[in-house]
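Peer 1: The following block contains the structure, expressed as structure tokens.
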Amino acid sequence: MAYFPIFINVENVKVLVIGLGCIAARRINVLKNFGAEITVITKEVKTNVENIDIKIKEFEEDDIKEIYDIVIAATDNNAVNKNIIKLAKEKNIKYYNSISDKNDNNFFFPAVIENDEIVCGLISKNGLNHKIAKKYADILRNTLCIEKKAE
């Protein structure tokens, strides 16, 4: 199945990220660059991100609330991530994404190519091949003389 590319305004959109490793940090930085309001719940801070609300604690099911528009399951525990997505669906969260199981996502994070005039998002046709998306994103950046931002 191919995924339809769509661009949404995430300025002031409330995002909950559970976990704070390298993948979570990349997703946080992309969303932050587009104005999202991000809250992180994590047992420990494994990487540095700035200007976001970080709650250092164990994830609890009550942490997922209807106030969030996007929930990202980014822990290092696949079972916890699966439960987070299940809870997000039950709470009718609009968008959810798991770093563990691509089948648990209703959207994918693209490679972002951006300058003052354009924004491009690039994924593989099925959303699963990040290496090929990165390869073509780098080619497009080089062609357009765009520096790579944090992803």
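The values are calculated or read from the model by the stated rules, or taken from the named source; none is laboratory data. All figures in this text were calculated on a predicted structure; none of them were measured in a lab. Cβ atoms come from the backbone with ideal geometry, glycine included; neighbour counts cover every protein chain shown. Surface areas here come from the heavy atoms of the whole protein model, side chains and all, with no ligands, DNA or RNA. Shrake-Rupley method; radii C 1.70, N 1.55, O 1.52, S 1.80 Å.
Quick grid of which residues meet (1) closer than 21 Å to I8 by Cβ; (2) of a type in the set (D, E, K, R); (3) surrounded by 13 or more Cβ atoms within 10 Å (Cβ to Cβ); (4) under 17 Å from the mean Cα position of the chain (by Cα):
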| position | (1), (2), (3), (4) |
| --- | --- |
| A88 | yes, no, yes, yes |
| Y95 | yes, no, yes, yes |
| S98 | yes, no, yes, yes |
| F107 | yes, no, yes, yes |
| V112 | yes, no, yes, yes |
| D116 | yes, yes, no, no |
| D138 | no, yes, yes, no |
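Peer 1: Could you run through segment 93-151 and say how many residues are closer than 25 Å to N48 by Cα, in contact (Cβ under 8 Å) with a residue 60 or more places away in the chain and among the basic types (K, R)?
Peer 2: So the count comes out to 1.
Peer 1: Check K14, K46, K32 and return the single one that is in contact (Cβ under 8 Å) with a residue 40 or more places away in the chain, open to solvent by 30 Å² or more (accessible area, probe 1.4 Å) and more than 20 Å from K82 (Cα to Cα).
Peer 2: K14
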